[in-house]
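Here the structure is laid out as structure tokens; the discussion comes afterwards.
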Amino acid sequence: MSQPSSKAPGAAGTGAAERGPSGELHQSAGGDVPVLTTSQGIPVSDDQNSLKVGRRGPSLLEDFHFRDKMFHFDHERIPERVVHARGFGVHGVFENYESLSDITSADLFQRAGEKTDTFVRFSTVAGNKGSPDLARDVRGFAVRFYTKEGNWDIVGNNIPVFFIQDAIKFPDLIHAAKQEPDRGFPQAQTAHDNFWDFMSLMPEAMHMAVWIMSDRTIPRSFRFMEGFGVHTFRLVNAEGKSTFVKFHWKPVLGLQSVVWNEALKLNGMDPDYHRRDLWEAIQNGDYPEWELGFQLFDEEFAQAFPFDVLDATKLIPEEDVPVRPVGKLTLNRTVENFFFETEQVAFQTGNVVPGVDFTNDPLLQGRNFSYLDTQLKRLGGPNFTHIPINAPRCPMANFQQDGHMAMRNPKGRANYEPNSWGGAMGGPREDPERGFRSFPEELSGQKLRIRGELFADHYSQARQFFLSQSETEQTHIKDAFVFELSKVETPAIRERIVAHLLNIDEDLAAKVADGLGMKEMPQAAEPARPVVRDLKPSPKLSIVQNGPESFKGRKLGVIVTDGTDAGLLAELEAAAKAAGALVELVGPKVGGVTLSDGSTREPKQKVNGGPSVLYDAVALLPSKDGAALLSREATAKDFVSDAFAHAKFIAHSPDAEALLDKAGVEKDAGIVELGKGGAKAFIAQCAKLRFWEREAKVHAV
Ligand code: HDE
């Protein structure tokens, strides 16, 4: 016999909790609370106990509610993406600045001020779904536009070039990057033999190698990174004229990355750092924005350019072809359900609209095949476009029918075409005017497995990228190579990478070799084409040189204790607010601290859960007693010494000296004692984001 339920199914209850006969809590439906049902809609009387024979007897097979619930739970997971498994999606809107009808017939670009709904998913590439956000990795930047003429996806990355030139190498690249198959680790990192073995044997990956060792792969936030379509695409206007285009997303808040040691610590302290950041920004109404930009060029430019525009391991410097801003993307809405939207979204490079077209980039061509294929496996059938996040938001009609989980089928008698039923009964018809037409490119050639000749230049742009970086960034690249290759156990792999670096920059190669403790310098790798050594540096490729000079959207972490100077704190909070920055209080206990004026504040973080890596700059405002207390707390010392080591700006009250001393801080111009009226100047200084001059002093090896 089953246990008697606490209430009859569907009965209007009070919504109050009641105890069942075994002491379990039952929450009954009542008022506006809906009645719990099975998937078949049958009201459920008891969701705490399975159906049993007697109190202590076996469970019964006829318990359809248990079976329905457990069956569904057992099938909750779908295969995670092979790449880009860890991602975070949000909704937004794209606003077009002016009519671009001279360049493209794409409907979303025809009218000034036209707004198009979008869905954006940011991701890492190599890690599994549960991996940390701050892995050193490329970030996916996939944007869907729900246009009036169908869904258009720009499935891009935060780096403008890619590892390989031909899609046929993608499975090898990804196998090499992910966990090694015999041991199942390391997770979400490229610092292992297989990855660098593959890279060392793929000279075409060397440009990307320098990018992934740069701070681009450890962004401070999704909000502060660029996006790129990577490939050359085409835009086609109503007259059929084609213009080549590269797509760029520029964050309005400017670029920013963290430092590597900070990333390592963030992964432990807050593995959700990036998704939390975006979630909080949108919840706070600080909607992140990007400008969409076009680099436009014609066939003549493409012919004269020293590299092949169909080669995804090359970029076109902005100094050669400026980026023309065409509209603004604003991310303004988090998802209602992560699985329903973010997990089920099925981006495809093949989703283009009339006015946008492909080129023959062999990587893009391969992707056009792969994405559709992958969605079938992941979402389980051909009807994944029936899921709301994947459905177009414009009228759609065709004769496709049936299949797993069909949510819609053509109505009426006609499910084929041509038919003679006529009118509405005959169903949809093609439209030669409005319909998508491929650009009629002239093509001829032999059927061969080869690439364009210029594809064989593997080092020139890698060198240009490296030489375009600030000194700080060059040091970070060197340090990243040394870190990653120090985890590589096979000396020959390390040597092969250094042999490639010799073709990029001899000084870089020498420093990496030194950092690895290599006894002898290897011979430079034999380049397939001579390296162009004098390409003009492109400062636009640097993060630091394109910093925002603003603290807007950044976060200040403030240590407070009982007795913290209330006036100083208020001044600092006002200055941060005026600069558009957020302040988070960190204290000994989250329950509250009593400030000097007797008021109380509740810190957001307890100091052992609120390390300084969570913040862009920090302020230490403990009272004298508070500083003495925190000097005996290891995590408070870490807070300060990490902020110091990570080149952050540090403000402090005179009473914080004890804590600074204990943390081993040596005073420099990035450390400011806050007197009355000093907060504004400190926040202004924070606009530089980091006090890079300090770095050399804290890194000896
Ligand atoms: Fe992808 N890629 N990719 N990729 N990619 C996938 O599609 C693939 C490449 C990118 O947030 C998969 O739906 C091939 C370049 C992003 O859901 C898969 C090749 C760029 C996302 C796939 C590439 C990207 C993916 C896995 C070599 C930047 C995540 C799940 C030719 C321009 C989209 C899925 C999201 C996802 C294949 C190379 C970006 C397997 C074969 C280059 C942002 O279909």
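For the reader, a short list of remarks on this structure follows.
- When Glu226, Glu239 are screened for being within 30 Å of Glu299 (Cα to Cα) and touching a Pro at 6+ places or on another chain (Cβ under 7 Å), only Glu226 passes.
- Subset of region 280-336 that is touching an Asp or Glu at 6+ places or on another chain (Cβ under 9 Å) and polar (S, T, N, Q) - its residue that is surrounded by the fewest Cβ atoms within 10 Å (Cβ to Cβ): Thr330
- Positions within region 616-651 being surrounded by 24 or more Cβ atoms within 10 Å (Cβ to Cβ) and closer than 12 Å to Thr564 by Cβ, in sequence order: Ala619, Leu620, Leu621, Pro622, Gly626, Ala627, Leu630
- Complete set of residues in region 137-167 that are of a type in the set (D, E, K, R) and out of contact with any Asp or Glu (no Cβ under 8 Å at 6 or more places or on another chain): Asp137, Arg139, Asp153, Asp166
- Any hit, region 338-345, residues being in a loop (DSSP other than H, G, I, E, B), of a type in the set (D, E, K, R) and over 30 Å from Ile168 (Cβ atoms): no
- Where a residue in region 403-424 is among the basic types (Lys, Arg) and its partner, wherever it lies, is modelled with pLDDT under 95, with Cβ under 7 Å and at least six apart: Arg413/Trp421; Arg413/Met425
- The lone exception for Arg463 - which of (1) within 16 Å of the ligand (Cβ to nearest atom); (2) in contact (Cβ under 8 Å) with a residue 12 or more places away in the chain; (3) of a type in the set (Lys, Arg) it fails: (1)
- First in region 357-386 and within 20 Å of Ile164 (Cα to Cα), second anywhere and near the ligand (Cβ under 7 Å from one of its atoms), Cβ under 6 Å, 6 or more apart: Asp361/His231; Asp361/Ala312; Leu363/Ala167; Leu363/Ala312; Leu364/His231; Gly366/Ala167
- Any hit, region 321-337, residues being assigned to a helix (DSSP H, G or I) and within 16 Å of the ligand (Cβ to nearest atom): no
- Test: residue in region 356-369 that is closer than 30 Å to Leu173 by Cα and away from the ligand (no atom under 16 Å from the Cβ): yes
- Asp47 out of contact with any His (no Cβ under 7 Å at 6 or more places or on another chain), acidic (Asp, Glu) and not assigned by TED's automatic domain parsing to the domain that holds Val252: yes
- Spans of strands (runs of 3 or more DSSP E) in region 114-224 with at least 3 residues among the β-branched types (Val, Ile, Thr), within 16 Å of the ligand (Cβ to nearest atom) and modelled with pLDDT of 95 or more: 115-124
- Scanning region 48-70 for residues that are without any contact (Cβ under 8 Å) to a residue 12 or more places away in the chain and surrounded by 11 or more Cβ atoms within 10 Å (Cβ to Cβ) yields a total of 4.
- Selected residue (criterion: farthest from the ligand (Cβ to nearest atom)) from residues of region 237-247 that are of a type in the set (A, V, I, L, M, F, W, C) and buried (at least 22 other Cβ atoms within 10 Å of the Cβ): Val245
- In region 676-701, the residues that are surrounded by fewer than 12 Cβ atoms within 10 Å (Cβ to Cβ) reach residues that are among the hydrophobic types (A, V, I, L, M, F, W, C) with C-beta atoms within less than 9 angstrom, at least six apart or across chains, in these pairs: Lys676/Leu568; Val701/Val482.
- Verdict on Glu602 being modelled with pLDDT under 95 and of a type in the set (D, E, K, R): no
The values are calculated or read from the model by the stated rules, or taken from the named source; none is laboratory data. Worth saying up front: this structure is predicted, and the values here are computed from it rather than measured. Cβ atoms come from the backbone with ideal geometry, glycine included; neighbour counts cover every protein chain shown.
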